[in-house]
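J.: There's a structure below that I have some questions on.
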Amino acid sequence: MTPFLIFAIVLSQGKGAFLLAGYNTMSDSEKEKYNEKALAKFMGKVMYGYCFCLLLWGLNELFKTEWLFIVGLILFIGLTIFTIVYANTGNRFKK
């Protein structure tokens with residue numbers, strides 16, 4: 001969970017977009033079309049959500065409760081679907 005949290009902190013400051021898969025493989029002319037800071041901040045928020053899911057999974061192991069794992073899994077799947085749809089519709093991160 002710690003690496004995800006560190007990555008979330010860096011991204012939520014609007015930095016570290018070069019670490020995002022897909023964005024870092026774009027040509028410089030393609031990268032100029034995107035608002036790098038907004039994209040990084042959005043992905044930082046997503047990473048905080050994934051950290052929360054990992055926390056729930058860790059608490060599940062600590063307290064031996066199945067429902068924490070299920071809640072974390074549902075949140076993980078829901079967050080992933082939301083992220084894919086939100087990031088790929090509406091040209092939200094284009095300049």
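The values are calculated or read from the model by the stated rules, or taken from the named source; none is laboratory data. These numbers come from a predicted model, not from an experiment. Positions of Cβ are generated from backbone atoms using ideal geometry, with glycine treated the same way; all protein chains shown enter the neighbour counts. Just the protein is used for accessible areas: all its heavy atoms, side chains included, with ligands, DNA and RNA removed. Shrake-Rupley method; radii C 1.70, N 1.55, O 1.52, S 1.80 Å.
J.: Inspect the stretch 11-29 for any residue being aliphatic (A, V, I, L, M) and modelled with pLDDT of 95 or more and give the result as yes or no. Give the steps one after another, and end with the answer.
T.: Going through the stretch 11-29, the residues aliphatic (A, V, I, L, M) turn out to be 11, 17, 19-21, 26.
Then keep just the ones that are modelled with pLDDT of 95 or more; that gives 11.
Taking every residue of the stretch 11-29 in turn, at least one turns out to be aliphatic (A, V, I, L, M) and modelled with pLDDT of 95 or more.
J.: While we're here: Taking into account only those residues within the stretch 15-30 that are over 15 Å from R92 (Cβ atoms) and touching a residue at least 12 places away in the same chain (Cβ under 8 Å), which is most open to solvent (accessible area, probe 1.4 Å)?
T.: K15
J.: Counting only residues that are in a loop (DSSP other than H, G, I, E, B) and over 22 Å from V10 (Cα atoms), how many does the stretch 44-94 have? Lay out the reasoning, then the answer.
T.: So the first thing to find is which residues in the stretch 44-94 are in a loop (DSSP other than H, G, I, E, B), and the list is 64-65, 89-93.
Next, only the ones that are over 22 Å from V10 (Cα atoms) stay: 64-65, 89-91.
Residues flagged as in a loop (DSSP other than H, G, I, E, B) and over 22 Å from V10 (Cα atoms) within the stretch 44-94 amount to 5.
J.: Being open to solvent by less than 70 Å² (accessible area, probe 1.4 Å) and not in a loop (DSSP other than H, G, I, E, B) is the filter here; which residues of the stretch 31-43 pass it?
T.: Across the stretch 31-43, the qualifying residues are K31, Y34, A38, L39, A40, F42, M43.
J.: List the residue pairs whose Cβ atoms are under 9 Å apart, where the first residue sits in the stretch 66-77 and is closer than 20 Å to K45 by Cβ and at pLDDT 95 or above, the second is open to solvent by 70 Å² or more (accessible area, probe 1.4 Å) and of a type in the set (F, W, Y), and the two are 6 or more positions apart or on different chains.
T.: Note: pairs meeting the criteria are G72/F52; L75/F52.
J.: Oh, and also: Could you please tell me which pairs satisfy a Cβ distance under 6 Å, a separation of 6+ or placement on different chains, a first residue in the stretch 1-14 that is surrounded by 15 or more Cβ atoms within 10 Å (Cβ to Cβ), and a second residue that is hydroxyl-bearing (S, T, Y)?
T.: Between residues of the stretch 1-14 that are surrounded by 15 or more Cβ atoms within 10 Å (Cβ to Cβ) and residues that are hydroxyl-bearing (S, T, Y), the close pairs are F4/Y50; A8/Y48.
J.: Related question: Can you list residue pairs whose Cβ atoms sit under 8 Å apart, with the first residue in the stretch 81-95 being open to solvent by less than 100 Å² (accessible area, probe 1.4 Å) and the second being assigned to a loop (DSSP other than H, G, I, E, B)? Count only pairs 6 or more apart in sequence or on different chains.
T.: Once the first residue is open to solvent by less than 100 Å² (accessible area, probe 1.4 Å) and sits in the stretch 81-95, its partners that are assigned to a loop (DSSP other than H, G, I, E, B) give Y86/R92; A87/F93; F93/N35; K94/K33; K94/N35.
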